[in-house]
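*Asks:* Please find one structure pasted underneath; my questions will follow.
The values are calculated or read from the model by the stated rules, or taken from the named source; none is laboratory data. These numbers were taken from a predicted model, which means no experiment stands behind them. Every residue, glycine as well, gets a Cβ built from its backbone with ideal geometry; the counts of neighbours run over all protein chains shown.
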Amino acid sequence: MLRTILLTGVALATMSVPALAADVSAAVAANFTKPAEELGAAFTARTGDTVRFSFGATGQLYTQISQGAPFEVFLAADNKRPARAVTEGHAVEGTVFTYAVGKVVLYSPTVDVTDGAAVLAANAFHHLSVADPKTAPYGAAGMEVLEKLGLTDAVSSKIVTGENISQALQFVDSGNAELGFVALSQVSDKPATQVWRVPAEDYSPILQDAVLTKAGEADPAAKAFLEFLRSDEAKAIIEKYGYEVGSAG
């Protein structure tokens, strides 16, 4: 009888101990800050696991990963670095997929940019904010737009370069630049007069790819988070911020 009571007690104690929640470390392109935070909260609500995000320019994040930073998941703003991470042995082969297709916009809280091409051509502004095109795909896209419009030389002296797309936006919001190229996701809630959606044919498609890094290869929670990004729930969140997800499945 005593043995039965003891065994029952052990069983109940075991059942009352919750599974330890996992903690996933993710390197995420700065343009994806808002949706990533919402996705992280949704993932935690579903699984109990948490995601710690480190935001920055894609190129800078890749450099950190290549130097051994313990990020388990990499959500880039392009499709080049994740593929390169696999090729160079920093990420797991077969885990790359497009989680979002981004859109670049011209944004200004003080200038009516309904016809952004005309505003840029008029060249009546003092500063134009662009993320560093060497490390930030959205910055590269912004420079492509200027080249497409034949305005690169005309406005080059007025460009102020942000370290990443978040800083590019900060320059505009703080008044250090009247307008700037940013991601639609950052200003999707702004009035139409403040946001010019650049025609898709004016810049290369911004295919944002995700990949499981070598640091996360043995972590079920890291794999689960990437799988969650493919879910209908996650896609709805991503689309809400102005991204396309047609290639993400």
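*Asks:* Applying the selection to segment 73-114, what residues are free of Cβ contacts under 8 Å to residues at least 12 places away in the same chain and among the basic types (Lys, Arg)? If you could, list the steps in order and put the result at the bottom.
*Replies:* Looking only at segment 73-114, we keep the residues that are free of Cβ contacts under 8 Å to residues at least 12 places away in the same chain, and these are 80, 87, 93-94.
The answer is LYS80, and nothing else.
*Asks:* Could I ask something else about it? With respect to PRO82, determine if the residue is in the same structural domain as ALA236 (by TED's automatic domain parsing), of a type outside the set (D, E, K, R) and within 15 Å of the chain's Cα centre (by Cα).
*Replies:* Details: in the same structural domain as ALA236 (by TED's automatic domain parsing): yes; of a type outside the set (D, E, K, R): yes; within 15 Å of the chain's Cα centre (by Cα): yes.
So PRO82 passes the test.
*Asks:* Among the candidates LYS103, LYS80, LYS134, single out the residue that is surrounded by fewer than 24 Cβ atoms within 10 Å (Cβ to Cβ) and in contact with a strand residue (DSSP E or B) (Cβ under 7 Å, 6 or more places away or on another chain).
*Replies:* LYS103
*Asks:* Provide a single number: the residues in segment 154-185 that are acidic (Asp, Glu) and surrounded by fewer than 20 Cβ atoms within 10 Å (Cβ to Cβ).
*Replies:* 2
*Asks:* Another one. Taking the condition among the hydroxyl-bearing types (Ser, Thr, Tyr), in the same structural domain as ALA131 (by TED's automatic domain parsing) and either under 22 Å from VAL96 (Cβ atoms) or touching a Leu at 6+ places or on another chain (Cβ under 8 Å) (or both), does SER231 pass? Write out each step before concluding.
*Replies:* Working: among the hydroxyl-bearing types (Ser, Thr, Tyr): yes; in the same structural domain as ALA131 (by TED's automatic domain parsing): no; either under 22 Å from VAL96 (Cβ atoms) or touching a Leu at 6+ places or on another chain (Cβ under 8 Å) (or both): yes.
No; evaluated as a whole, the condition is false for this residue.
*Asks:* Would you pick out the residues in segment 118-139 that are touching a residue at least 60 places away in the same chain (Cβ under 8 Å), aliphatic (A, V, I, L, M) and under 27 Å from LEU75 (Cβ atoms)?
*Replies:* ALA131, ALA136, listed by residue number.
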